[in-house]
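Written out below as structure tokens is the structure these notes cover.
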Ligand code: NI
């Protein structure tokens, strides 16, 4: 898949719940490969950003599959880990605000509150159950991706907070943005 296969707001599918995967098989694994190629193709088109993760709904496949980059700090390492039917079984730590972007929200960043630590349950690509703890940026990314499987986009967490909206300037720095303009032009909300 290519970056053109990625859907973005206001596509209403991004606000729908994804279906649970009942059997992990070659079709599931092919879908994961498609998601990885779309994420990498998107990244190749962006000078200042990486594809940290992607949910299947973002390539218009309403299934509970997400891919998460294994190394956020090394742009050369393009390995992704797939989580199937991921769930947060426990929220821990504190609520912290930090920046998030999304391949399905064009040119908008937000300062989003998230839990600093979580416990996660999912299936791996062999259909085996995995349980693990995550914290920091990884915990944030997993919360963002699991939101996608529930039809929630990061802008939904900050919709009435204009000062939480940012954009990247040409040098790759985040700067406050014109809230009314991004909400209206980006058609970020349904109503
Ligand atoms: Ni996203």
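How would you rank 60-66, 24-30, highest first, on the average number of other Cβ atoms within 10 Å across their residues?
Packing proxy ranking, top to bottom: 60-66, 24-30.
The chain: D in µm²/s via Stokes-Einstein (Kirkwood Rh, Cα pairs, 37 °C, 0.692 mPa s)?
Estimated via Stokes-Einstein, D reaches 194 µm²/s.
What is the order of 119, 131, 114, fewest Cβ neighbours within 10 Å to most?
With the sparsest Cβ surroundings first, the list reads 131, 119, 114.
May I have the extent of the alpha carbons of segment 32-93 along their three principal axes, as whole Å values ordered from largest to smallest?
On the principal axes, segment 32-93 reaches 35, 30, 16 Å in Cα extent.
Helix-only estimate, please: 222 nm mean residue ellipticity of the chain, summing -39500 (n - 2.57) across DSSP H runs of length 4 or more and dividing by its residues, to the nearest 500.
Calculated at 222 nm, the ellipticity per residue is -6500 deg cm²/dmol.
All of the numbers you see were taken from the coordinates with simple rules; none came from a lab. Since we're looking at a predicted model, the values are computed, not measured. Neighbour counts are summed over all protein chains in view; Cβ atoms, including those assigned to glycine, are modelled from backbone coordinates with ideal geometry.
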